[in-house]
Number of protein chains: 2
Amino acid sequence: MPFKKEQHSKESCNTHLNAVKDALYVLNGKWKLPLILALQNGPLRFNEIQKSLGEITPKILSKELKDLELNEFLNRKVFSTTPVTVTYELTAYSASLERVIDELRIWGTQHRERLVNHRKTDYRMQEVAT
Amino acid sequence: MPFKKEQHSKESCNTHLNAVKDALYVLNGKWKLPLILALQNGPLRFNEIQKSLGEITPKILSKELKDLELNEFLNRKVFSTTPVTVTYELTAYSASLERVIDELRIWGTQHRERLVNHRKTDYRMQEVAT
DNA sequence: GATACCGCTATCCTTTTGGAAAGTAGTATC
DNA sequence: GATACTACTTTCCAAAAGGATAGCGGTATC
């Protein structure tokens, strides 16, 4: 079967492209993945997430949490304590992202190593050049 | 060894997060992945890419191609024909993205199926409700 | 009644991203 | 010398994303 490469019909390409776009669509923006990773150690409250992420403003955090809830990556739970307690926790569905996130992490790691090596090489070349 | 979950130190989380961010950084924007997928069938010329992608303007295409070239995902080759011919082709390094793209595609596909099923369910529930 | 805490929302503003339209450089043909 | 072709670049503009700052509603404590 030497013809694996020939499966690139225009339709299948578009299907593939749309699937990739769908995936990136729900992970887009500056905060989606940081949020998901932050919640992987267990549920957190609104203010705890804010502290954990550092510089996110409440407006943005609120919007991102709503987006993630709509995509069923997390659940919002309200407890009638005083003052009220609201927690956000990852759903079982969010675990389906594991392989995607793993591959992004693996690729990102080796890409960064590659960049560092290039910089070293550039530096050596400069030394030689001067 | 039942403590796999306990490996979530703050430092390792940040390392993971940064790696994921690095990966998404080079794939960001509306056109990076469409471009890479378009070139997977072989090199294309500037105008061919434009036609293939449909609605991209020359300014954006030029910028995106430069970004991808900087990241060493593709090579720009100039042929001294008349008029000049310029082709863009994927590098060997771009193949390192294969697993990332595969996982995005797989996840995107099942996510879309899931959304379609939800819509069907919602429709049935509306029918029952009226 | 003033103050404090939580979980937000509202308003306004800046930055980033993407795009429309026109123009340019080099070469060749009529 | 006008026109055409490829591969862009330039200028100007609109939309989207992100952020700073202030405020609100509910509850409790002093």
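Any read-out appearing in this document is the output of simple, stated calculations on the displayed coordinates, not a laboratory observation. Because the structure is predicted, anything quoted here is derived from the model rather than measured. Counting neighbours? That spans all protein chains shown, and the Cβs are built from the backbone with ideal geometry, glycine included.
Using alpha-carbon pairs under 8 Å, 6+ residues apart, how would you state the relative contact order of the stretch A:10-91 in percent?
Worked out over the stretch A:10-91, it gives 30 percent.
Please give every one of the aspartates and glutamates within straight-line cross-link reach of A:Lys30, meaning a C-alpha to C-alpha distance under 16 Å, and leave out same-chain neighbours fewer than 8 residues apart.
A:Glu55, A:Glu64, A:Asp67, B:Asp22
Two decimals is fine: what is log10 I(q)/I(0) at q = 0.14, 0.25, 0.26 Å⁻¹ for the stretch A:10-91, from a Debye sum with one equal scatterer on every Cα and no solvent?
Values returned for q = 0.14, 0.25, 0.26 Å⁻¹ are -0.52, -1.24, -1.31.
Return the loop-located GluC sites (Glu not before Pro) in the stretch B:1-93 (DSSP other than H, G, I, E, B) with at most 11 other Cβ atoms within 10 Å of their own Cβ; answer none if there are none.
Here the GluC sites (Glu not before Pro) that fit, given the DSSP loop and packing criteria, are B:Glu55.
Angle between the Cα long axis of helix B:98-129 and the longest principal axis of chain B, 0 to 90 degrees, nearest 10?
Approximately 50 degrees, to the nearest 10.
Using a simple charge model, +1 on the beta-carbon of Lys and Arg, -1 on the beta-carbon of Asp and Glu, nothing else, what dipole does the stretch A:10-91 show about its Cα centre, in debye to the nearest 20?
Values: 11 positive and 9 negative charges, 41 e Å.
Dipole magnitude for the stretch A:10-91 comes out near 200 debye.
Any chance you could give the angle, 0 to 90 degrees and rounded to 10, that helix B:10-27 forms with the longest Cα principal axis of chain B?
On a 0 to 90 degree scale, this one is about 50.
Can you pull the one-decimal nm distance between simple spin-label points at B:Arg99 and A:Asn75, each 7 Å off the Cα toward Cβ?
About 3.3 nm separates the two model spin labels.
Rounded to two decimal places and with Rh computed the Kirkwood way over Cα pairs, what is Rg over Rh for the protein assembly as shown?
With Rg and the Kirkwood Rh in hand, the quotient comes to 1.04.
What is the angle, in °, between the Cα long axis of helix A:58-70 and the longest principal axis of the Cα atoms in chain A? Nearest 10 is fine, range 0 to 90.
Helix A:58-70 sits at roughly 80 degrees to that axis.
Can you give the FRET efficiency for A:Thr91 and B:Asn41, using 1/(1 + (r/R0)^6), R0 = 41 Å, r = Cβ-Cβ distance, to the nearest 0.05? Mind showing how you got there, number by number?
Working: r = 38 Å, r/R0 = 0.93.
That gives a FRET efficiency of 0.60.
Tell me the mean residue ellipticity at 222 nm calculated for chain A from its helices only (DSSP H runs of n ≥ 4, each -39500 (n - 2.57), averaged over every residue, nearest 500).
Numbers: 5 runs with 78 residues, N = 130.
Only helices count here, giving -20000 deg cm²/dmol.
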